[in-house]
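What follows is a set of notes on a single structure, which appears directly below.
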Amino acid sequence: TALSLMVFLLTVSYASLLAVQPKSKKTLAKSGVKNIVVVEGVRIPFLQSGTSYADLMPHDLARAALQGLLNRTNVPKDVVDYIVYGTVIQEVKTSNVAREAALGAGFSDKTPAHTVTMACISSNQAMTTGVGLIAAGQCDVVVAGGVELMSDVPIRHSRKMRKTMLTLNRAKTLGQKLALISKIRPDYFAPELPAVAEFSTSETMGHSADRLAAAFAISRVEQDEYALRSHTLAKKAQDGGLLLDVVPFKVPGRDTVTKDNGIRPSSMEQMGKLKPAFVKPYGTVTAANSSFLTDGASAMLIMSEEKALAMGYKPKAYLRDFVYVSQDPKDQLLLGPTYATPKVLEKAGLTMADIDVFEFHEAFAGQILANLKAMDSDWFAQNYMGRKSKVGAPPLEKFNTWGGSLSLGHPFGATGCRLAITAAHRLKKEGGQYGLIAACAAGGQ
């Protein structure tokens, strides 16, 4: 289960500031740039891989999210100018999953769609691509989303076997074919399995998380306590009907899925019994304090404010500013939020004290706690970030209060939209004005 974490930990910190109706503070509107709003965002339930979505394909999940968005908003399909989807582990048959899902959901075949990939911030990239299209005047209505199906990932033949098979396909005579077949050796049949690991370092994300926790002196107990907090808050939010972005999905040949199935509050005693998942025997990262491999999809309707109001929609939030950062993919893999947060705040002219709602992607409990420590350290700011002082850590009473990726799940390509719409819903419920979302991703982004 910790595999999913490995891939995105030190990754990118994408921060998007969401502003709801202004109180006494500034609105962050930019001169000469259209106001861009979130009209609605939905997701099908996030499920542990190998469960109810196991027999489907990624475009099936993405299609369900798109249909859920259409049902929730009643937006005319031909009004949508563009569709952008994020994904990480691509199904080869549907490499542009955005297009296949859009056609399956009944969108016009005249509506362009493309797919982006940026590890765990792929749907963040889909959203900000949509923001760019609207800001540039290319579009007024964009659907952004993301999808991941970890139940079925591509497993390749070895390169030797692939080369032999491709050559065999071109062989013209029986003799040529038999000659090629005779060269096949048993080791040709060893499969190449995908791994949640950095290509540049060959290190799994779980190992990176373990090193990061050790570097910031974060104990196993602290990590388990944070993971328990995530599951407990997610359960409370689920039971309290706060997860408004979840739409039911009638799985073909199965029952209708209505809620996330990875939320499992445990006890410190039970969690303490688990063995280290990566660094054995002394590591602190376990299956209980890591995000699990997840299937799911999300979709968000983004418009220019002018268009939304003309169509009679009441926007949920404004998308105001965003920043992408990247660092060394080994030692800095999972610290993206620490690097991006002060940059996006400075762009917007805000401080941490101005933010009412924080939604950070939880790859591992140790990764979250390391970021909180780094953000609250003048020493780290001065020695690693070239800054005079720390940005400050988000107060926990404002932080992921409806659970996070550790409990809700983390379909790599879909999480960014979940963070954004959750921030919007929390702002409305809590009467806040500014929300900030951040996530790490593979590649040190």
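The values are calculated or read from the model by the stated rules, or taken from the named source; none is laboratory data. Because the structure is predicted, anything quoted here is derived from the model rather than measured. Neighbour counts are summed over all protein chains in view; Cβ atoms, including those assigned to glycine, are modelled from backbone coordinates with ideal geometry. SASA here: full protein model, heavy atoms, side chains in, ligands and nucleic acids out. Shrake-Rupley method; radii C 1.70, N 1.55, O 1.52, S 1.80 Å.
Solvent-accessible surface (1.4 Å probe) assigned to Thr204 amounts to roughly 40 Å². Partner aspartates and glutamates whose Cα lies under 15 Å from the Cα of Lys163, excluding those fewer than 8 positions away in the same chain, are identified as Asp187, Glu192.
Note on region 300-340: Kirkwood hydrodynamic radius from all Cα pairs is 13.2 Å, rounded to one decimal.
Cross-linked pairs Lys373/Lys398; Lys259/Lys280; Lys34/Lys316; Lys26/Lys373: Cα-Cα separations exceed 26 Å for Lys259/Lys280; Lys26/Lys373.
So which of Lys307/Lys429; Lys77/Lys307; Lys273/Lys330; Lys30/Lys388 end up more than 22 Å apart, counting from Cα to Cα? Present the calculation step by step, with values, prior to reporting the outcome.
Values: Lys307/Lys429 25 Å; Lys77/Lys307 15 Å; Lys273/Lys330 29 Å; Lys30/Lys388 28 Å.
In this structure, Lys307/Lys429; Lys273/Lys330; Lys30/Lys388 lie more than 22 Å apart at Cα.
Dimensions of region 257-337 from C-alpha coordinates, computed as largest minus smallest value along each principal axis and given longest first, are 60, 39, 21 Å. In a reduced charge model with +1 at each Lys and Arg Cβ and -1 at each Asp and Glu Cβ, region 250-359 shows a dipole moment near 460 debye about its Cα centre. Residue order by solvent-accessible surface for Phe46, Phe278 is Phe278, Phe46, largest first, with ligands and nucleic acids left out and a 1.4 Å probe.
What whole number of Å gives the distance from the Cα centroid of region 413-440 to the Cα centroid of region 228-282? If you average the Cα positions of each part, the centres end up 19 Å apart. The phi torsions of region 302-317, fed into the Karplus equation with coefficients 6.51, -1.76 and 1.60 and a -60° offset, translate into couplings of 10, 9, 5, 4, 4, 5, 4, 5, 5, 8, x, 8, 9, x, 7, 6 Hz, rounded to whole numbers, with Gly and Pro shown as x.
Taking amide H as placed 1.01 Å from N in the peptide plane, Gly86 has its amide H under 5 Å from the amide H of Val116, Gly145, Gly146, Val147, each at least 5 places away in sequence or on another chain. In whole angstrom, how far apart do the alpha carbon centroids of region 53-129 and region 311-325 sit? Measuring centre to centre over Cα atoms gives 19 Å. Only protein heavy atoms count here; on that basis, with a 1.4 Å probe, Ser200 has an accessible area of about 90 Å². Farthest toward the positive end of the dipole of the chain, out of Ile184, Gly68, Leu212, is the Cα of Ile184, where the dipole comes from beta carbon charges about the Cα centre. Entry note, region 126-227: relative contact order of 21 percent, from Cα contacts under 8 Å with a spacing of 6+ residues.
Residue separation of Thr232 and Asn96 scaled by 0.36 nm, minus their Cα-Cα distance, works out to 45.3 nm of gained length.
Rolling a 1.4 Å probe across all protein chains gives His207 an accessible area of roughly 70 Å². Working from Cα pairs under 8 Å separated by at least six residues, relative contact order for the chain is 35 percent. The magnitude of the dipole of the chain, with charges of +1 and -1 set on the Cβ of Lys/Arg and Asp/Glu and taken from the Cα centre, is near 780 debye.
For region 132-180, the residue among Ser151, Leu174, Thr164 whose Cα projects farthest onto the positive side of the dipole built from Cβ charges is Leu174. Take 49-59, 327-337 and order them by the average number of nearby Cβ atoms within 10 Å per residue, most first; the result is 327-337, 49-59. Ordering Lys429, Lys275, Lys26 by accessible surface, largest first, gives Lys275, Lys429, Lys26; the 1.4 Å probe counts only protein heavy atoms, with every chain in place. Note on the chain: helix-only mean residue ellipticity at 222 nm, from DSSP H runs of 4+ residues weighted -39500 (n - 2.57) and normalised by residue number, equals -10500 deg cm²/dmol.
Cα-based values for region 129-176, radius of gyration first and Dmax second, are 22.3, 62 Å.
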